[in-house]
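Data block below; observations after.
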Amino acid sequence: MFRRLPLTRPPPTCFVFTASPSRRPFSTTGSNLNTNESSSFKEGVSRYKLFASPFAKVFLGAIFTYQVIYWTWLKLEMDESKYIKNQEVATLEKQARELTGTQK
């Protein structure tokens, strides 16, 4: 009824790993890497490292300037609205005194 399959399997041909000179073993460190790739990478990174610090300074300076201007503007608006409300209260108190003074 059921056919028995052989117990041993043939080794897969697509997953055969061979040691090649382009692969490095797990025990190597970063200093043993190929120097051509490493030096070109370092040259590329070093170009951008020159601009990282000035960019950070300008970016943080811009954020700081924006925050100072924002909080100053907010403080001025609050002072202005408080001044306007105090004027309104003063005129209403004056009107209330006049109305109560004329009734007596």
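The values are calculated or read from the model by the stated rules, or taken from the named source; none is laboratory data. Small disclaimer: the values here were computed from a predicted structure and weren't measured. Quick note on the areas: whole protein, heavy atoms, side chains included, nothing else; ligands and nucleic acids left out. Shrake-Rupley method; radii C 1.70, N 1.55, O 1.52, S 1.80 Å.
Keeping all protein chains in position, work out how much accessible area Val68 exposes to a 1.4 Å probe, and write it in Å² to the nearest 10. Probe radius 1.4 Å; accessible area of Val68 about 70 Å². Computed 3J(HN,Hα) for the range 70-75, one whole-Hz value per residue from the Karplus formula 6.51 cos²θ - 1.76 cosθ + 1.60 where θ = phi - 60°, is 4, 5, 5, 4, 4, 4, glycine and proline marked x. Couplings 3J(HN,Hα) for the range 51-62, derived from phi with the Karplus relation 6.51 cos²θ - 1.76 cosθ + 1.60 (θ = phi - 60°), are 9, 5, 5, x, 4, 5, 5, 5, 5, 5, x, 5 Hz, where x marks Gly and Pro. Measuring only protein heavy atoms, the 1.4 Å probe finds Phe51 accessible over about 140 Å². For Lys75, the solvent-accessible surface computed with a 1.4 Å probe is close to 110 Å², ligands and nucleic acids excluded.
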